[in-house]
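The values are calculated or read from the model by the stated rules, or taken from the named source; none is laboratory data. Source: prediction; values computed, not measured. In this analysis, Cβ positions are derived from the backbone assuming ideal geometry, glycine residues included, and neighbour counts consider all displayed protein chains.
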Amino acid sequence: MEILRKVVDIDSINTIKSVFKNGVSNKPIVDKLSEYINKLIKYSNIYYCDITNQKLLTVLKQFIAPTDFDHIYSIHWIKYESGYECLEHIDMESYTTYILNLNDEFEGGELFVNGINTESKQGDIVIFNGMKDKHRVSKVTKGIREVLVIWISPTSKLKKLI
């Protein structure tokens, strides 16, 4: 696990949020994967993002390793409202998982990787092996926790799409 502190500035975070338009223009996850996810994550909203969105990819290039960039498998934005959490799990399709904290206006909602509290804040990125490292998010007790999650997989189609 690696934690990069304050590597994403507020302008980049605002660009990411504007691309997502607070989730309005992105489709919610409503497939078989969502059934599995619903058992693990008690969240208020989770959205896939179009992995060919050039505005978003321009921002992501600033902090995703060049060796990983062409292998982006999935990008999703998760909003955890008060009372929501994510149970311990591994990511079935991600040999590298990036989690970018988009805000600090919440209490609880700590990210644990292999039992270690990452103590991550807005602008921090936590990077780990999603298929091996067990991770979870504790219950949000106040406010809304927002994160951008990026899965990296050798089977990604991004290179073919852009």
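Does segment 44-63 contain any residue that is part of a loop (DSSP other than H, G, I, E, B), at pLDDT 85 or above, in contact with a Ser or Thr (Cβ under 9 Å, 6 or more places away or on another chain) and among the polar types (S, T, N, Q)? Outline the logic, then answer.
Filtering segment 44-63 for residues part of a loop (DSSP other than H, G, I, E, B) gives 44, 49-53, 61-63.
Still in the running and at pLDDT 85 or above: 61-63.
Still in the running and in contact with a Ser or Thr (Cβ under 9 Å, 6 or more places away or on another chain): 62-63.
Filter once more, so that each one left must be among the polar types (S, T, N, Q): 62.
Yes, because at least one residue in segment 44-63 is part of a loop (DSSP other than H, G, I, E, B), at pLDDT 85 or above, in contact with a Ser or Thr (Cβ under 9 Å, 6 or more places away or on another chain) and among the polar types (S, T, N, Q).
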Query raised in the report: Considering segment 78-89 alone, what residues qualify as being outside any strand (DSSP E or B) and either under 12 Å from the mean Cα position of the chain (by Cα) or small (Gly, Ala, Ser) (or both)?
Result: 82, 83
Query raised in the report: With respect to the numbered conditions (1) touching a His at 6+ places or on another chain (Cβ under 7 Å); (2) assigned to a loop (DSSP other than H, G, I, E, B), which one is the sole condition not fulfilled by residue 104?
Result: (1)
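Give the residues of segment 121-133 that are assigned to a loop (DSSP other than H, G, I, E, B) and either under 13 Å from the mean Cα position of the chain (by Cα) or more than 28 Å from residue 11 (Cβ to Cβ) (or both), sorted by residue number. Steps first, please.
In the first step, residues of segment 121-133 are kept if they are assigned to a loop (DSSP other than H, G, I, E, B); the result is 121-124, 129-133.
Within segment 121-133, 122, 123, 124, 129, 130, 131, 132, 133 meet the criteria.
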Requested in this report: Considering only segment 116-128, state which residues are touching a strand residue (DSSP E or B) at 6+ places or on another chain (Cβ under 9 Å) and either basic (Lys, Arg) or surrounded by fewer than 17 Cβ atoms within 10 Å (Cβ to Cβ) (or both).
Outcome: 117, 119, 121, 122
Query raised in the report: Which condition breaks for residue 75 when tested against (1) assigned to a strand (DSSP E or B); (2) surrounded by fewer than 20 Cβ atoms within 10 Å (Cβ to Cβ)?
Result: (2)
